[in-house]
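Since the structure comes first, as structure tokens, the remarks are kept for the end.
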Amino acid sequence: MTYIVTEPCIKCKYTDCVDVCPVDCFREGENFLVIDPDECIDCTLCVAECPVEAIFAEDDCPEDQRYFLEINADLAKKWKPIIESKSALPDADDWAKVREKLHLLEK
């Protein structure tokens with residue numbers, strides 16, 4: 001089992017989760033983070049740190065967000081690791097409660 005980042009992260013990109021990850025499994029895109037499923041050790045530490053509740057265990061992922069399993073796996077191969085937290089995107093708070101943002105994901 002792995003953990004995945006889902007749609008609420010798009011256009012927010014809070015990085016609180018990065019600091020608690022013991023294996024540096026997060027990868028960074030322009031407006032989204034993903035978890036590398038080959039690196040994730042299922043420690044659960046990142047889940048509580050996400051202010052927009054975007055991180056789920058694979059088995060607990062809401063049905064309407066399950067396509068993010070493939071998105072995380074694909075983008076983790078392309079994006080570079082992020083190992084230290086950074087400031088969230090400037091308008092992250094405005095986007096935090098917005099749903100249906102997949103079309104805004106910058107790959």
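Data table
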| item | result |
| --- | --- |
| Candidate set: segment 82-98, residues that are in contact with a Ser or Thr (Cβ under 8 Å, 6 or more places away or on another chain) and among the aliphatic types (A, V, I, L, M); chosen: the one farthest from Lys11 (Cα to Cα) | Ile82 |
| Glu53, sole failed condition from (1) in contact with a helix residue (DSSP H, G or I) (Cβ under 6 Å, 6 or more places away or on another chain); (2) within 15 Å of Phe68 (Cα to Cα); (3) surrounded by fewer than 21 Cβ atoms within 10 Å (Cβ to Cβ) | (1) |
| Hits in segment 66-81 (condition: of a type in the set (Lys, Arg) and surrounded by 13 or more Cβ atoms within 10 Å (Cβ to Cβ)) | Arg66 |
| Hits in segment 16-30 (condition: surrounded by 18 or more Cβ atoms within 10 Å (Cβ to Cβ) and touching a Cys at 6+ places or on another chain (Cβ under 9 Å)) | Cys17, Val18, Cys21, Cys25, Phe26 |
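Read-outs: derived from the displayed coordinates by stated rules, not from any lab. Here the structure is a predicted model, which means the values were calculated and not measured. All Cβ positions, glycine included, derive from the backbone under ideal geometry; neighbour counts span all protein chains shown.
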